[in-house]
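Coordinate-derived values only; no laboratory data. No experiment lies behind these values; they were computed from the predicted model shown. Quick reminder, even Gly has a Cβ in these numbers, built from the backbone with ideal geometry, and neighbours come from all protein chains shown.
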Amino acid sequence: MGKQSAKAEEYHPAIAHGATDLPAVRVRSYNLELRDRNGFIGDQANKSAFRDAIDGWRRRVREGGEDPLGDVATEGLSKKDIDALLKDAASDAAALVLAAIEDFAKDLAAILARYMKEKDWQGTTKITVGGGFSDSKSGLMAISRTQLLLNAEGLKLELVPISHHPDEAGLIGAVHLIPSWMLKGHDAILAVDIGGTNIRAGVVKLNLDDKPDFSKAKVWKSELWRHADDEPRRTATIEYLVDMIGTLIGKAEKAKLALAPVIGIGCPGIIAPDGAIARGGQNLPGGNWESTHFNLPDALRKAIPEIAGEPTFIIMHNDAVVQGLSELPRMADVDNWAAVTIGTGLGNASFSSADV
């Protein structure tokens, strides 16, 4: 397996970082950087934008009455807190959150309508919505409302929340970066999802005996680090990530799980074929991740040269692409589809089936 991996990395250009042609799907585009007079349009529909919408309504309401959310700061409200406000549909608090959902849905619908004008999004019929915001009642309501707004404008689109938990989708999608022949004889791979707030690493069981299309792949164990709380420099971030991966390797060995010597990574930004982050890494923790003197896959390979006695093979792609890939088994009947992830930013990717 180790020799196969090394050869694959050297001789198979399709098995490259940020590749367009993946084993079972073609990546039409990702990380669209469209702007309007206010900057990147994606920033108008990230998780901060939803909280800004809540805050905006609270300020307006105070002009003529009492704030139904009281004295608590908007940034102090968790997703669960906001969802709890929706339980009493007749309350002023629920009305305020619903108003914010409506504003957010209008902005998201406008962004998606703009994306649909791009060549690589034309023909898209289904969009899966992931990211942390989709894991909430308010997020699900915003997704449904966005679809209605788009349909009302004549766009024949179906918006669906991502099937896996967003925290796991960014790990499970990594299995689709790698040809299944490279994984035969192994039970699982290591996967990493790097975000603007958190880094998650996990062991993804392949379950290829159940389904060869990875539709039964599941996260077996995972480690989470909320790096936003620690504000580490880039070097410290890599060291912590290496420790997380080492812990998972130890757990897999103890459980006698046959790990493939593979690490699949989802990372924000434009990913160059050599694994460099060309641009779009501004939300990553301290330091210049886009430096020509830094390469994340190389740094990890040096720190973890072997897994289960075989040379480590690392493959990296954009995090929205990887999260979208987790939906691949459920898109078998769709020629052109897309994914957006609502988190620190608005990640985006569009795909077409390998046969199109």
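Brief remarks follow.
- Farthest toward the positive end of the dipole of the chain, out of Ala100, His317, Thr74, is the Cα of His317, where the dipole comes from beta carbon charges about the Cα centre.
- At most 16 other Cβ within 10 Å, DSSP loop - chymotrypsin sites (Phe, Trp or Tyr not before Pro), segment 274-327: none
- Nearest 10 degrees, 0 to 90: helix 47-62 Cα axis against the chain principal axis: 10 degrees
- For segment 35-161, averaging the sequence separation of C-alpha pairs within contact (under 8 Å, six or more residues apart) and dividing by the residue count gives a relative contact order of 25 percent.
- Highest-MSF residue in the chain out of Asn38, Asn288, Asn207 [GNM, Cα springs under 10 Å]: Asn38
- Distance distribution note for segment 35-161: the fraction of Cα pairs above 26 angstrom is 25%.
- Label point 7 Å beyond Cα of Thr20 along Cβ direction - residues of segment 265-281 with amide nitrogen under 13 Å: 273
- Applying a DSSP loop filter and a limit of 12 other Cβ atoms within 10 Å to the GluC sites (Glu not before Pro) in segment 65-164 leaves Glu66, Glu153.
- Principal-axis tilt of helix 234-254 within the chain, Cα atoms, nearest 10 degrees: 60 degrees
- Counting Lys and Arg as +1 and Asp and Glu as -1 over every other residue whose Cβ lies under 11 Å from the Cβ of Ser136, the net charge comes to +1.
- Scattering curve values for segment 293-356, log₁₀ I(q)/I(0), Debye with Cα scatterers, q = 0.15, 0.22, 0.30 Å⁻¹: -0.68, -0.89, -1.20
- Computed helical MRE - 222 nm, the chain, DSSP H runs ≥ 4 contributing -39500 (n - 2.57), nearest 500: -10500 deg cm²/dmol
- Sites listed here are trypsin sites (Lys or Arg not before Pro) in segment 39-148 whose DSSP assignment is loop and whose Cβ has at most 11 other Cβ atoms within 10 Å: Lys87, Lys117.
- The calculated FRET efficiency for the pair Asn283 and Ser215, based on their C-beta separation and a Förster distance of 22 Å, comes to about 0.10.
- In the chain, Cα pairs under 8 Å separated by at least six residues give a relative contact order of 26 percent.
- Residue exposure proxy: Val72, Val340, Val322, Val129, ordered by other Cβ atoms within 10 angstrom of their Cβ from fewest to most, comes out as Val72, Val129, Val340, Val322.
- The radius of gyration of the Cα set in the chain, together with its Dmax, comes out at 20.8, 71 angstrom.
- Summarising the label geometry, the points placed 7 Å from Cα in the beta-carbon direction at Ser180 and Ser48 lie 4.2 nm from one another.
- Approximate spin-label separation Asp81-Arg37, in nm, with each point projected 7 Å along Cα-to-Cβ: 3.5 nm
- Rounded tilt (10° steps) of 92-115 against the dominant C-alpha axis of the chain: 50 degrees
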